[in-house]
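Below is one structure, written out as structure tokens, with a few remarks after it.
The values are calculated or read from the model by the stated rules, or taken from the named source; none is laboratory data. This one's a predicted model, so the numbers in the text were calculated from it and none came from an experiment. A quick note on method: Cβ atoms are made from the backbone with ideal geometry, for glycine too, and the neighbour counts reach across all protein chains shown. The area values use the complete protein model at the heavy-atom level, side chains included, leaving out ligands, DNA and RNA. Shrake-Rupley method; radii C 1.70, N 1.55, O 1.52, S 1.80 Å.
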There are 2 protein chains.
Amino acid sequence: DILSHGQYDTVYNFLSLVIASQLFTALFLLISLPRILPRYRQAITVAIIVCGIAAYHYFRIFDSFKEAFVTTSVGGTGDYTQAVGTGFNEGYRYVDWFLTVPLLLVELIAVLALARKVQSGLLMRLVPAAALMIALGYPGEISGENSLRIIFGLLSMIPFAYILYILFVQLSKSLTSQPASVRTTLSRLRYLLVISWIVYPIAYVLPLFNAGGGDAWVSKQVGYSVADIVAKAVYALIIFSVAKAKSYEDS
Amino acid sequence: DILSHGQYDTVYNFLSLVIASQLFTALFLLISLPRILPRYRQAITVAIIVCGIAAYHYFRIFDSFKEAFVTTSVGGTGDYTQAVGTGFNEGYRYVDWFLTVPLLLVELIAVLALARKVQSGLLMRLVPAAALMIALGYPGEISGENSLRIIFGLLSMIPFAYILYILFVQLSKSLTSQPASVRTTLSRLRYLLVISWIVYPIAYVLPLFNAGGGDAWVSKQVGYSVADIVAKAVYALIIFSVAKAKSYEDS
Ligand SMILES: CC1=C(/C=C/C(C)=C/C=C/C(C)=C/C=O)C(C)(C)CCC1
Ligand SMILES: CC1=C(/C=C/C(C)=C/C=C/C(C)=C/C=O)C(C)(C)CCC1
């Protein structure tokens, strides 16, 4: 792929935006942790870890991008071509998701502070499903063959559908036991989760429709960046506001 | 652009000054946080995050500057020209503002500790307006075309005017409910805000008047650096003094 100067800058600045968002969301939550009642700290601690892991991976992705595209123009104002001897590593994203997607579900369940048995029942189903979903997507993504992309994509859809079933059918019962002040926030949070998560399978199937070229590639990177900020940092801040409201209510 | 040795050093040292100012303002506030009553800690936490985000971006800006201008002179005493293969990334500033400008307004509203409803009403208007103002400025800045610069600049002025209206008309009512000891400080803080913020649209329109060349570029970088220190670090320290005075009064 060849990137114009504007395309290169757009990706570059979005990647840096994600680093700053994740890193300082983690820091904000770390500083604010003592203001939360101990029983909700588990949720916020997991949120800090998720944003921290994302920041780590985005530092790597940023460096990988900077190495993978080069220009010979003065002031970097010309076109950028792929470098000799190194490429952009999409794999970082899958490694990141493999760790963070299960943890995002842990975060949600933890802030509900359900009865121990209900909680572990939900986690035993959500966490392996999330890990399986990402693990199944990986071979489809890196193979570069359409047939494998389709097969593994379909397989990955099974745990994805299962997660949505648990969140929207099973979890609805537990939501009624939450304090009224946070019930709507929590219910809306699930929609934010679905809307931001759906970006990933959409980006996955795009190559099947021959959506190639610089513009498609740039859109994909920008789409991932925005989805990652919403699904991790914005999500964490909403979880934090729920934990704060519940802390206030309980004390 | 070509920079003389003196011009290069001036920018270099100002960028480093900003890093030190932001980083250690953040650190100072972090260490002082326990001395503030819990109800004002939110404001100071946001101030820490703002200065931290700025420090992150100035580290990046500093590195970008060092890579973008090079000299072949012994001891670096000659002229500096633009490097091959990389340029100075102004985009960092917009990424920074996109995150920090809304947060600067959150900081101000948080330290007032208004009734929950009044507070969320103000934030719901100020935060999106601030994000929109910066997002609209970005395409005008990077396009390099005067017509786009004018159109997006004018569009960006609309949320800017709206923010000033909220701060000076709507907020004035809330100021009367503040303790007498901080009322003048808070009122003056708004003027400091306007004076430091106005630097940015002025720097934005300068290229329209053909203010090119090394001197104009250096002035712009120095102007941004000073404005960033005033609008973030000095502003944070004033917010801190208000929070301390109110903590003292309340207890
Ligand atoms: C269904 C499906 C997928 C789902 C991916 C998801 C849902 C990823 C979520 C990532 C998140 C939430 C990241 C956090 O920031 C894959 C693996 C692309 C493969 C194709 C099928
Ligand atoms: C009105 C206007 C602008 C306003 C920018 C402002 C007000 C930036 C403030 C930045 C701050 C406060 C940084 C903190 O350190 C733009 C985007 C240049 C585009 C042209 C019109």
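The distance linking region B:87-117 with region A:147-210 is 31 Å (Cα centroid to Cα centroid, whole angstrom).
A point 7 Å from Cα along Cα→Cβ stands in for B:Gly121, and the other copies hold the same point at 4.5 nm, listed in rising order. Shown for chain A is the translational diffusion coefficient from the Stokes-Einstein equation, using the Kirkwood radius over Cα pairs, a temperature of 10 °C and a viscosity of 1.306 mPa s: 82 µm²/s.
Shown for A:Ser241: label points 7 Å from Cα along the beta-carbon vector, and their distances to the equivalent points in the other copies, 3.3 nm in ascending order. To the nearest 10, the accessible area of B:Trp217 is 40 Å² with a 1.4 Å probe.
Ranking of B:Tyr138, A:Tyr138 by solvent-accessible surface, largest first: A:Tyr138, B:Tyr138 (1.4 Å probe, protein heavy atoms only, all chains present).
For the protein assembly as shown, a simple Cβ point-charge model (Lys and Arg +1, Asp and Glu -1, everything else neutral) yields a dipole of about 2760 debye relative to the Cα centre. For region B:54-70, a decrease in accessible area of 40 Å² or greater in the assembled protein chains relative to the isolated chain, with a 1.4 Å probe, applies to B:Tyr56, B:Arg60. Mean residue ellipticity at 222 nm, helices only, the protein assembly as shown: -26000 deg cm²/dmol; runs of at least 4 DSSP H residues each add -39,500 (n - 2.57), and the sum is divided by the number of residues. Debye-formula intensities of region A:94-136, expressed as log10 I(q)/I(0) at q = 0.16, 0.25, 0.35 Å⁻¹, are -0.39, -0.79, -1.17 (one equal scatterer per alpha-carbon, no solvent). Here the relative contact order of region B:5-250, from alpha carbon pairs under 8 Å that lie six or more residues apart, stands at 26 percent. Residue-level result for chain B: its Cβ closest to the axis carrying B onto A, with that distance in Å, is B:Pro34, 8.
When nucleic acids and ligands are ignored and a 1.4 Å probe is applied, B:His5 ends up with an accessible area of around 60 Å². Within the straight-line cut-off of under 25 Å between alpha carbons, the lysines reachable from A:Lys220 are A:Lys66, A:Lys232, sequence neighbours fewer than 8 places apart in one chain being disregarded.
May I ask you to work out the translational diffusion coefficient for region B:1-133 at 25 °C, viscosity 0.890 mPa s, via Stokes-Einstein with Rh from the Kirkwood sum over Cα pairs, reported in whole µm²/s?
Once the numbers are plugged in, D ends up at 144 µm²/s.
Modelled spin labels at A:Ile198 and B:Arg116, positioned 7 Å past Cα toward Cβ, are 3.2 nm from each other.
Computed from the C-beta positions of A:Arg39 and A:Ile151, the FRET efficiency with R₀ = 41 Å rounds to 0.40. Here the convex hull built on the C-alpha positions of region A:18-66 has a volume of 47 cubic angstrom per residue. Pairs from the table (B:Lys117/B:Lys173; A:Lys117/A:Lys246; A:Lys244/B:Lys173; A:Lys246/B:Lys246) lying more than 23 angstrom apart at Cα are A:Lys244/B:Lys173; A:Lys246/B:Lys246. Panel note: the C-alpha atoms of region B:142-191, placed on their principal axes, show extents of 50, 16, 11 Å (largest first). Across region B:93-194, Cα-Cα pairs farther apart than 19 Å form 47% of the total.
First obtain the Kirkwood hydrodynamic radius of the protein assembly as shown from its Cα pairs, then insert it into the Stokes-Einstein equation at 25 °C and 0.890 mPa s, and state the resulting D in µm² per second as a whole number. It would help to have the intermediate numbers written out before the result.
Values: Rh = 24.7 Å.
For these conditions, the coefficient is 99 µm²/s.
Extending 7 Å from Cα along the Cβ direction at A:Tyr191 and again at A:Glu249 yields two label points whose distance is 1.9 nm. Across identical copies of the chain, A:Pro179 has label-point separations of 2.7 nm, listed in ascending order, with the point defined 7 angstrom from Cα along Cα→Cβ.
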